[in-house]
1. Filter the GluC sites (Glu not before Pro) in region 170-272 down to the DSSP loop ones having no more than 13 other Cβ atoms within 10 Å, then list what survives.
2. Sort 164-175, 286-297 by packing, meaning the average of other beta carbons within 10 Å per residue, with the highest value first.
3. From largest accessible area down, sort R85, R342, R69; use a 1.4 Å probe on the protein chains.
4. With the alpha-carbon atoms as the only input, what is the per residue convex hull volume for region 107-162 in Å³?
5. Mean separation of Cα pairs under 8 Å and 6+ residues apart, divided by the residue count of region 210-331: what relative contact order is that in percent?
6. For an R0 of 51 angstrom, estimate the FRET efficiency from the Cβ-Cβ distance between E223 and F59 and round to the nearest 0.05.
7. What's the Cα-based Rg to Rh of region 329-376, Rh via Kirkwood?
8. At a 1.4 Å probe, what is the % contribution of carbon and sulfur to the accessible area of region 174-308?
Amino acid sequence: MTESSASRLLALRCASQAMLDGRDEAALRRQSHPDLSPLLWHVGHVFFVEHYWLAERVFGDRSVTDRWRGLYFPEECQKHTRSIRLPDPAAMRAWTDQVAALNDHYWARAAQHPHALLERGYLHAFICQHYAQHLETMRLVVAQLDLADDPTVATLDTPGDVRRERVHIPGHTMQIGSAGIDAYDNEKPAHERTVDAFDVASGPVSNAEWLGFMRDGGYDRHELWDDDGWRWRCLDRVEHPQHWRPVDGGWQIAWHDSRTPIAEAPVHGIGWYEARAFARYAGARLPAEHEWEAAARSEHLNATGQVWEWCDSAFKPYPGFTAFPYDGYSKPWFDGHHYVARGSSVHTEAEIKRPGFRNFYPPTHRHIFAGVRLAW
């Protein structure tokens, strides 16, 4: 491990531990959303996973992992059961310090230890990305905690028309996917793909545009919705983005970055079904994920990095896909019920920000800071 890579791992560990700061134990244990785990669990999980792959899988040391696998392996512990089993915050901080010290010992030994997972720095990249992904999830937990308590809000009361600025992407053949050592199995193998000509919006849909959709009855017009999406909308009584609240003829919108006027900021808090309905309303569609990647690699997408952007693509394996380093990272989600979101959000760490990275969620997920960019 190089000095810079060791420094980055230390920074990710410290950022994870810092998620314990500034909140009482009740908040750290709270399950703020049915699809999210408590903050306290995420902190323990990321240190456990680093130790599992390094100490157990590479060096055969199970002395720590055997005690905790029933809590920190997600498949062995349902989300709603995790809170009561967690140590208190002080004990968690002490335990993660101890595990980090053990991990540093094994990283030092790894330089002289031949193992397939250590080749070309793969395991270090894998572990850093795991910390990075959970840090974003922890920030989503914080957002949901704030939404239930006292969120910072801005007010929006004026709708906007759908903007028509678009960029033309000519038809061409390009490489899709990622070939780097840091790429996940679902990004591989990198392969050539013919991209037909299309147009893509120069920026993501704004809050003001979304308010225009709402004022024009977008949530009440069955013809704009997929049948499954309409059933979900009616059953869950979905009428606005997840973090919007009505107030005095307008809307209070939580988690707003004050550097961007609220009307111009990208909408988020919407699921894939909602994104598809808006695209139909706008006389457009969502980009296929290979189109999104083509536009990103040709540097034709403005205002990226603010919200994940839903694509009109189910999460599927690329031709020649091979699961690695274990079956459970990608394969269970090739089920036709998860859809791709590309790009990154304001909560995304640097390790994840590459054009080939594929995020994926059920179409009903609305807490993930995902928005929409139109295509034609």
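1. E239, E264
2. Those peptides, ordered most packed to least, come out 286-297, 164-175.
3. These residues rank, largest area first, as R85, R69, R342.
4. Dividing the Cα hull volume of region 107-162 by its residue count gives 159 Å³.
5. 23 percent
6. Step by step, r from the Cβ atoms, then E = 0.30.
7. 0.96
8. 43 percent
The values are calculated or read from the model by the stated rules, or taken from the named source; none is laboratory data. Small disclaimer: the values here were computed from a predicted structure and weren't measured. Quick reminder, even Gly has a Cβ in these numbers, built from the backbone with ideal geometry, and neighbours come from all protein chains shown. Ligands, DNA and RNA are stripped out before the accessible areas are found, and what is left, the full protein with its side chains, is counted by its heavy atoms. Shrake-Rupley method; radii C 1.70, N 1.55, O 1.52, S 1.80 Å.
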